[in-house]
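Everything below concerns the one structure shown next.
Bear in mind that the values in this text are calculations on the coordinates, not laboratory data. These numbers were taken from a predicted model, which means no experiment stands behind them.
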Amino acid sequence: MSTPIAIEPAEARNRLRVPFQAGFGLVELMISIVIGLVIIGAMVALFLGTSRNNREMFTASSVIENGRFAIQLLESDVVHAGFWGTFVPTFDDQTSDDPPTDAPTAVPDPCQAYDPGDPAASWPAAYRSNLVGVPVQVYDGADVCGAVVTDMSANSDLLVVRHADTCVAGDANCEAETAGKMYFQSALCDDEVPGYVLGVSGAAVFNLTRRNCADFADLRRFISNLYYVRDYAVAAGDGIPTLVRSDFDLDAGGNLVHRPAIPLIEGIEAMRIEIGVDNLSETGGAVNYAAAIEWVDEETKEDATNRGDGVPDADFIRCTAGAPCDQDDLANVTAVKIYVLARSREETQGYVDGKTYSLGAAGDVGPFNDGFKRHVYTATVRLPNIAGRRIRP
């Protein structure tokens with residue numbers, strides 16, 4: 001007889017085939033940890049790389065932004081140099097037939113003290129005439145305004161810009177006339193032209209009138225700004241080179257002076273200035289303000305032989321201690337060339353600046369061999385208030 005085969009129920013067989021369920025083993029756990037660490041490391045590296053790239057982009061953007069802003073700020077002030085409302089100095093007036101009497105006789109001290117109690121002695125007529133006739137001055141060292149410019153960088157020039165305010169005191173968006181501040185008033189009445197008053201508000205000296213010779217002419221605030229670069233922004237030693245400005249205004253004690261410089265744009269490491277001098281006429285003759293204007297043709301009066309033509313002659317020049325610009329140079333400035341070296345505020349890891357940077361006739365600066373990134377910006381600014389008077393239509 002055959003032995004009967006026992007047949008297990010299907011459910012029992014399936015139950016026997018189910019593998020034993022258990023947790024991760026040590027090897028599996030270690031592999032999981034390694035994979036996790038690799039993923040975390042990759043994410044950290046990606047984060048650090050992105051942060052570094054963002055920081056470098058910010059650094060490059062700040063250099064570009066600060067350099068362009070500095071050029072724009074300086075240009076916006078320089079372009080107004082020599083603006084005196086409706087007043088035109090007789091030495092620059094090509095409609096005048098008489099020998100000029102107001103041509104600058106000396107380079108004015110831009111920080112000469114003003115005494116409101118004795119204005120005629122502190123700012124005599126000749127000095128005021130020089131201020132008006134020389135709207136731009138440049139120095140390559142802090143040899144003037146010693147009480148104000150005490151911290152100028154070795155890689156900076158001192159730029160002086162003078163003009164009347166472009167808006168009339170009290171008009172919309174313009175400061176109201178303020179007692180104790182200095183204003184400029186030019187005449188429009190035929191009996192008073194040419195004429196101007198440069199004085200302090202409240203001194204009862206502004207008596208020039210409009211074309212109707214009855215109503216008083218407008219007052220415009222007298223603007224005198226000193227620009228230079230120093231080696232710190234807020235506190236000496238902070239290491240942030242900065243473009244600064246000292247303006248002529250009332251100080252905390254109510255005195256009319258060039259006030260201590262205030263920071264304008266951080267990251268500006270150097271500034272050099274060159275001037276374009278218009279000292280030759282259209283015919284090539286030398287400018288001569290000691291004589292009346294002379295014309296090639298008295299009938300047409302198109303070409304003056306002893307007055308400038310509004311265009312700089314020869315190369316732009318620098319005003320240095322060894323070769324200072326005199327009143328004849330400065331009275332004939334019709335263009336200004338500005339060089340600015342912008343620097344990042346923070347150093348870039350692994351970067352070494354071995355470049356040299358050309359600042360025109362002042363020569364090169366660098367290499368600095370540090371981790372800061374730099375860029376040179378330059379602009380040539382035409383002075384329309386001076387050059388425009390010399391161009392014949």
Fill in: Under 5 Å, built H, 5+ apart or other chain: amide partners of TRP295
THR305
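Once whole DSSP H runs in the chain are found, which of them have Cα atoms spread over 20 Å or more along the helix axis and a mean Kyte-Doolittle score of at least -0.5?
Details: long enough: 26-78 (77 Å, 0.99).
Result, helices passing both filters: 26-78.
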Worksheet item: Taking H as built 1.01 Å from N, whose amide H comes closer than 5 Å to the amide H of GLY195, not counting residues under 5 places away?
Response: ALA187
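Work the Kirkwood hydrodynamic radius out for region 270-393: mean of 1/r over every pair of different alpha-carbon atoms, inverted, in Å. Please list the in-between numbers first.
On the way: mean 1/r = 0.0589 Å⁻¹.
Kirkwood hydrodynamic radius for region 270-393: 17.0 Å.
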Response to the item:
Scalar couplings 3J(HN,Hα) for region 229-246 by Karplus 6.51 cos²θ - 1.76 cosθ + 1.60 (θ = phi - 60°), nearest whole Hz, x for Gly and Pro, are 10, 10, 8, 9, 8, 10, 10, 4, x, 6, x, 10, x, 9, 7, 10, 9, 10
Practice prompt. Once you have the Cα-Cα distance between ASP238 and VAL34, take 0.36 nm times their residue separation minus that, and quote the gain in nm to one decimal.
Written response: 68.8 nm
Worksheet, complete the sentence: Comparing LEU158, LEU188, LEU46 in a Gaussian network model of the chain (Cα, 10 Å), the one with the largest mean-square fluctuation is LEU46
Worksheet, complete the sentence: Which of ASP303, ASP247, ASP370 fluctuates most in a GNM of the chain (C-alpha springs under 10 Å)? That residue is ASP370
Practice prompt. Using a Gaussian network model of the chain whose springs link C-alpha atoms within less than 10 Å, name the residue from ALA106, ALA217, ALA45 with the highest mean-square fluctuation.
Written response: ALA45
Worksheet entry | Theoretical gain in end-to-end length, GLN94 to VAL352 [0.36 nm per residue, Cα-Cα removed] | 87.3 nm
Worksheet item: Based on the alpha carbon coordinates of region 51-390, what radius of gyration and maximum Cα-Cα distance (Dmax) apply, in Å?
Response: 21.8, 73
Practice prompt. Figure the gain on full extension for VAL296 and LEU73 (residue separation times 0.36 nm, minus the Cα-Cα span) and round it to one decimal in nm.
Written response: 76.2 nm
